[in-house]
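What follows is a short report on a single structure.
The values are calculated or read from the model by the stated rules, or taken from the named source; none is laboratory data. Fair warning: this is a prediction, and the values are worked out from it, not measured in the lab. Cβ placement follows ideal geometry from the backbone for every residue including glycine, while neighbour counts extend to all protein chains displayed. Remember, those area values only see protein heavy atoms, side chains included, never the ligands or the DNA or RNA. Shrake-Rupley method; radii C 1.70, N 1.55, O 1.52, S 1.80 Å.
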Amino acid sequence: MVIRIVGTGSSLPEQVVTNEELSRVVDTSDEWIFSRTGIRERHLVKGETTASMSAEAAGRALCNAGIGAEEVDLIIVATITGDYMTPSTACEVQAALGARRAAAFDINAACSGFLFALHTAYAYLRAGMYKTALVVGAETLSKIVDWEDRSTCVLFGDGAGAAVLHVCEMGTKGNGREEEAGGMLAFEQGTDGARGKVLACRGRQNNNLLEKNPFVPSYVEMDGQEVYKFAVSTVPASIGRVLDKAGTAAGEIKYFVLHQANVRIIQSVAKRLKAEEEKFPLSLSHCGNVSAASVPILLDEMNRKGMLVRGDKIVLSGFGGGLSWASAVVEW
Ligand code: UT7
């Protein structure tokens, strides 16, 4: 059985906010933000919603795959910023696309969310339950960012990315023997809940029947340096494990498509893997950190630029809130 990514799509809000503009809101500068993170600007919603961007990205991915919405069996949206607690964003995508026969649900694994969703969809397909899955990563982080906290508000952006995962016909390879020819080759993922509070955003508080609790909004809180240390040690280790599982050497990988949190984290991972930095494409400068959406947005940008060629091996890797991490080796 060969399970491939056969289409990608993405959607970014129209509004672009530069570092310069942010420096008029909080005490920061383009110099600080760019030198510490690699971010120049980000897209922020102004009317768009998590569901509207998800549906647009998903529709584009289906179009890219040449697959109709009615053929989709499963829709998984990875997000921590759905518009409703219920229905799920995935159900909204189903309605918007008219993917009537699909089952739909959301996954919360923060910045690793797209990879967790991809693994989940793969497991359903591999088990023979479904043939076609839509996997979306989407966020409107601007809703949960404290615009008075310069240590977090400069980092995040909004957007959505999507991929279509499909069970393809068996191919032949090597000595003519019928084998699994590429597609999703290996996964690895994990979480460390004990350290979770270093990157957190509280949900709704108690709504006590007898006491009148005032509604207290909650925002993203992050111990940046702790998350940084977690990322630079965990991500290379996770990628090392997934490469071992796939029986693939780092040198065989054409691109490492990493969660876009900080260019310094990406450079450190490249160094630890002894891989050229050119193999680590970036969308940070124009998107910022879009949590679950960052990997599929970047993947779609690469796909549309013709950077992904059948037979090339790539690594996808996400890390962040949970704490969580997840990596995959994919033969395009
Ligand atoms: O997506 C989930 C995963 N998230 C991540 O991977 C994020 C990981 N962490 C990071 O990327 C970095 O820790 C940050 C970019 C968040 C922060 O960079 P840093 O080099 O760790 O800076 P810092 O927090 O140590 O702050 C250094 C200084 C502080 O001032 P003092 O105490 O040295 O005087 C901060 O108050 O920079 C100050 N600062 C700022 N200055 C201007 C913090 N934020 C800003 C700001 N503009 N926006």
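Note on the range 2-168: dipole from Cβ charges, positive end direction compared against Pro13, Ala110, Val77; the farthest Cα belongs to Val77. Listed by chain and number, the aspartates and glutamates whose C-alpha is less than 19 Å from the C-alpha of Lys143, apart from same-chain residues fewer than 8 away, are Glu14, Glu21, Glu41, Glu48, Asp83, Glu92, Asp106, Asp158, Glu221. Working ranking of peptides 109-118, 266-275 by packing, defined as the average number of other Cβ atoms within 10 Å per residue, highest first, is 109-118, 266-275. The distance from the alpha carbon centre of the range 124-139 to that of the range 22-89 is 19 Å, rounded to a whole number.
Take the chain, drop everything but the C-alpha atoms, weight them equally and run the Debye formula without solvent; then report log10 I(q)/I(0) at 0.08, 0.09 Å⁻¹ to two decimals. Once normalised to I(0) and log-transformed, intensities are -0.35, -0.44. Split the chain at each of the GluC sites (Glu not before Pro) in a DSSP loop with at most 11 other beta carbon atoms within 10 Å, and the longest piece is 15-147.
Between Asp27 and Lys245, the modelled label-to-label distance comes to 4.6 nm, taking each label 7 Å out from Cα in the direction of the beta carbon. Using R₀ = 25 Å, calculate the FRET efficiency as 1/(1 + (r/R₀)^6) where r is the Cβ-Cβ separation of Phe34 and Arg304; round to 0.05. Approximately 0.50, to the nearest 0.05.
Charges were assigned to the Cβ only: +1 to each Lys and Arg, -1 to each Asp and Glu. The resulting dipole of the chain about its Cα centre is roughly 640 debye. Reachable lysines from Lys131, Cα under 23 Å, same-chain residues fewer than 8 places away excluded? Candidates past the 8-residue exclusion: Lys173, Lys313.
Taking all protein chains into account, the per residue accessible area for the range 240-332 stands at 35 Å² (1.4 Å probe).
Under the criterion of Cα pairs below 8 Å and six or more residues apart, the relative contact order for the range 217-293 equals 31 percent. Shown here for the range 1-108: trypsin sites (Lys or Arg not before Pro) in loop regions (DSSP other than H, G, I, E, B) with at most 14 other Cβ atoms within 10 Å, namely Arg24, Lys46, Arg100, Arg101. Contact order, relative form, for the range 183-331: 39 percent (alpha carbon pairs under 8 Å, 6 or more residues apart, mean separation divided by residue count).
Sequence-ordered 3J(HN,Hα) estimates for the range 50-62 from the Karplus curve with 6.51, -1.76 and 1.60 and θ = phi - 60° stand at 4, 5, 5, 5, 4, 5, 5, 4, 5, x, 5, 5, 5 Hz, glycine and proline given as x. For Tyr219, the residues 5 or more places off, or on other chains, whose built amide H falls under 5 Å of its own are Arg202. Full extension of the segment from Val216 to Lys254, taken as 0.36 nm per residue of separation minus the current Cα-Cα distance, would add 9.0 nm.
Remark: the range 307-314, residue by residue, has Karplus-estimated 3J(HN,Hα) of 7, 9, 10, 3, x, 5, 9, 10 Hz, where x stands for each Gly or Pro and the curve is 6.51 cos²θ - 1.76 cosθ + 1.60 at θ = phi - 60°.
All Cα-Cα separations within the range 183-331 were binned at 5 Å from zero, giving a P(r) of 2, 9, 17, 20, 18, 12, 7, 5, 3, 3, 2, 1, 0, each value a whole percent of the pairs.
When the helices of the chain are scored as -39500 (n - 2.57) per DSSP H run of n ≥ 4 and the total is divided over every residue, the value at 222 nm lands at -9500 deg cm²/dmol. Phi angles of the range 142-159 translate, via the Karplus equation with coefficients 6.51, -1.76, 1.60 and θ = phi - 60°, into HN-Hα couplings of 4, 6, 10, 9, 7, 6, 9, 9, 5, 6, 10, 5, 7, 8, 9, x, 10, x Hz per residue; Gly and Pro are given as x. Mean separation of Cα pairs under 8 Å and 6 or more residues apart, divided by the residue count, gives the range 72-216 a relative contact order of 21 percent. log10 I(q)/I(0), Debye, Cα-only the range 2-168, no solvent, q = 0.16 Å⁻¹? The calculated log intensity ratios at q = 0.16 Å⁻¹ are -0.85.
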